[in-house]
C-alpha cells in the first residue's frame, strides 16, 4: 500500500513562498514563486557561457538529426533549443556523477549555466507573444517567438524547495500540482498546456503518459514570422527535386532574387534568408554528389555568414510542411547520458529517488511564400521511486501472542495468546 507524503511548497524560513495564482480550470492551478525575482538577463556578462550553450545546442541538433525521428522518409524537423532548455532545467536539480556526465556530454558551462540560460531566454522575450493570436496563413512582420517552461508535479510527493526557487529565478517556471493517478484529469491538463503554448500546432504532449510518474518537465517553442522579402506566389512553379533516395520528383518551388549573405566551404554552400526582424533561416546545401554537411560545416557556415556581405542572389526554395517526433531516451543514450537515465539518487534535489521514465519531442514547421511557422515541445517525465513511504501490512488473522510492557523497565505486565478472539 502506498502512503503519499504531503508535498511542501513553502519555504518561509528562506523568505520564499509559493502561492496559488488564479488561472483557468485547465491546466490546473499554477504555483508561482512569490518573492523570487528573475536573475539578471544581461547577455554581455556571460559571453563565454552563451558560446558554450550555442555549441551545446548544435550538438543536440546533430544528435536529433542523426536519430531522424519517426518520419522514416528522411525529413526531420527538431528543436535543439527546446531540448537544451529542458535539459538545463533538469540539470538544475542534478548532482553527483549525473551532473558531471551531463556537463561533459552536453558541453554545458561549468559556471553560471543557469544565469546564461536566463540571459538567453531574456533576449528572446523581446519577441514574445500569444501563439493563439497568429494568423498562420499570414505570418506577422514582427516575429513572434514564444518559449514556455512548465513543471507538473504530483501533489503527493515532496519537490525540492531549492530546485523550485532555481526554476523560478532563472527559467520563470511555474509549478502545476496534479495527481498523476488521475489520468483523466492530468493528461488532458498537460495536453492543454502544450496546445496553448504551441498555438494549437501540437495538441498532445510527446512522451507516453504513466500513472507512476510524479513529475513532468516541459518546454515549448513557437515561432512565426514573415520573410523580410516575401516570395511572390506568381513565381512559384513546379520544378524537379532529387530526393535522398536518388529519385527525381516535381515539387512547388519558390524563387526570387534577393540581397543575401552567402558562404562556401568544402563540399557545401550556405545562405541566410532573413525574416522581417531578428531571425534568419540558414540554408546549407551540399555540392552535387557530396554528403550532407556535418556539425562542423554548420559552425563554419555560421562564422562565415556573420561577416559576409550581402549580394544579389537568385534563390530557388521548395515549400515544405513537415513534422517529426522523437523518443528522446534513445537520443540521450547516443549522447552518452547513461548515468542520467539510470540514476535514482542524483536527482534527489528535485524529488526523492527520482528516475527518468520517458522523454520525447514533437516538432513541426511550415515554410511558404509569406514566411515560416514552427512549433516544438520537449517533455521529460520521471517518477520518485522513494518519494512515497511504503507501509508494511501485517494482518492478525490467525493465533498470536501479546504482551503489555512497561517501557522504562521492560517489565511485562501482561502476556497472553489469542487463539480465538470471540468472547470466552
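Brief remarks on what is shown
- As computed over region 199-300, the Cα convex hull volume per residue (Å³): 211 Å³
- 18 Å cut-off, amide nitrogen to a point 7 angstrom out along residue 66 Cα→Cβ, residues in region 76-111: 76-81, 83-84, 101-108
- Dimensions in Å of region 136-229 - Rg and Dmax from alpha carbons: 15.8, 53
- Two-site label geometry, residue 241 and residue 341: point separation in nm, points 7 Å out along Cα→Cβ: 3.3 nm
- For a paramagnetic label modelled on residue 133 (point 7 Å from Cα along Cα→Cβ), amide N atoms under 20 Å away belong, within region 261-282, to 276-279.
- Between residue 100 and residue 334, the simple spin-label model (points 7 angstrom out along Cα→Cβ) gives 2.7 nm.
- The distance linking region 319-374 with region 54-99 is 6 Å (Cα centroid to Cα centroid, whole angstrom).
- Distance between the 7 Å Cα→Cβ label points at residue 255 and residue 314: 0.7 nm.
- Sorting 124-132, 364-372 by their mean Cβ neighbour count within 10 Å, with the most densely packed peptide first, gives 364-372, 124-132.
- Computing FRET efficiency as 1/(1 + (r/R0)^6) for residue 398 and residue 179, where r is the C-beta to C-beta distance and R0 is 25 Å, gives about 0.10.
Computed from the coordinates by the stated procedures, all read-outs in this text should not be read as laboratory data. Predicted, not measured: the structure shown is a model, and the values here were computed from it. As a convention, Cβ positions derive from the backbone with ideal geometry for all residues, glycine included, and neighbour counts pool all protein chains shown.
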